[in-house]
């Protein structure tokens, strides 16, 4: 083995089976999308929000029905850009426990297979099967819970930003009129 520091990881994958590798892939995808959302919020959304406020303040007409409708369209577009990958995150969160369940089933099949092959009770084969059943289940649930926390936080940020943006545009219009 060329890299000894990877040995515990290989043992974990061997104990958990191939479903554990799939759960790890889904987890990496989920966390990558969450990191992308953080990056988008910090470096793309905030400047776009400032541009929107500046465009609204520079408008001569801010009180008519068409101006308020235009403002609402601008706000909805900007907030929609925050919401973009949220359904994909929710899908990944839902997939994780299902993959854990798949790991449970495949692990139990391994247990029953090892019991049917031998006439004697093989404790080691049975223990391997139980580990193969529980590790993916635990991993799927853990990734799912962390994903739910991420989604809840993102939805809170989106609601807060929607309210802040409406408040900021109304305040900017009042300041410009004064």
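The values are calculated or read from the model by the stated rules, or taken from the named source; none is laboratory data. All values reported here derive from a predicted model rather than from experimental measurement. Note that each Cβ is placed from the backbone with ideal geometry, even for glycine, and that neighbours are counted across all protein chains shown.
Looking for whichever is in contact with a helix residue (DSSP H, G or I) (Cβ under 6 Å, 6 or more places away or on another chain) and within 26 Å of residue 170 (Cβ to Cβ) here; the options are 99, 92, 52. Which one fits?
The unique qualifying residue is 52.
I'd like to check something: does the stretch 65-83 contain any residue that is outside any helix (DSSP H, G or I) and without any contact (Cβ under 8 Å) to a residue 24 or more places away in the chain?
no
One line per residue, one yes/no per condition, for (1) more than 20 Å from residue 40 (Cα to Cα); (2) at pLDDT 80 or above; (3) within 23 Å of the chain's Cα centre (by Cα):
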| residue | (1), (2), (3) |
| --- | --- |
| 61 | yes, yes, no |
| 82 | no, yes, yes |
| 95 | yes, yes, yes |
| 98 | yes, yes, yes |
| 112 | yes, no, no |
| 118 | yes, no, no |
| 128 | yes, no, no |
| 131 | yes, no, no |
| 143 | yes, yes, yes |
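Out of 152, 106, I need the residue that is within 22 Å of residue 26 (Cβ to Cβ), under 28 Å from the mean Cα position of the chain (by Cα) and at pLDDT below 95. Which one?
106
Looking at (1) surrounded by 15 or more Cβ atoms within 10 Å (Cβ to Cβ); (2) farther than 26 Å from residue 129 by Cα; (3) in contact (Cβ under 8 Å) with a residue 60 or more places away in the chain, find the lone condition where residue 33 falls short.
Evaluating residue 33 over (1) surrounded by 15 or more Cβ atoms within 10 Å (Cβ to Cβ); (2) farther than 26 Å from residue 129 by Cα; (3) in contact (Cβ under 8 Å) with a residue 60 or more places away in the chain leaves (3) as the failure.
The conditions are (1) surrounded by fewer than 17 Cβ atoms within 10 Å (Cβ to Cβ); (2) more than 30 Å from residue 95 (Cα to Cα); (3) under 30 Å from the mean Cα position of the chain (by Cα), and residue 42 fails exactly one of them. Which is it?
All conditions pass for residue 42, except number (2).
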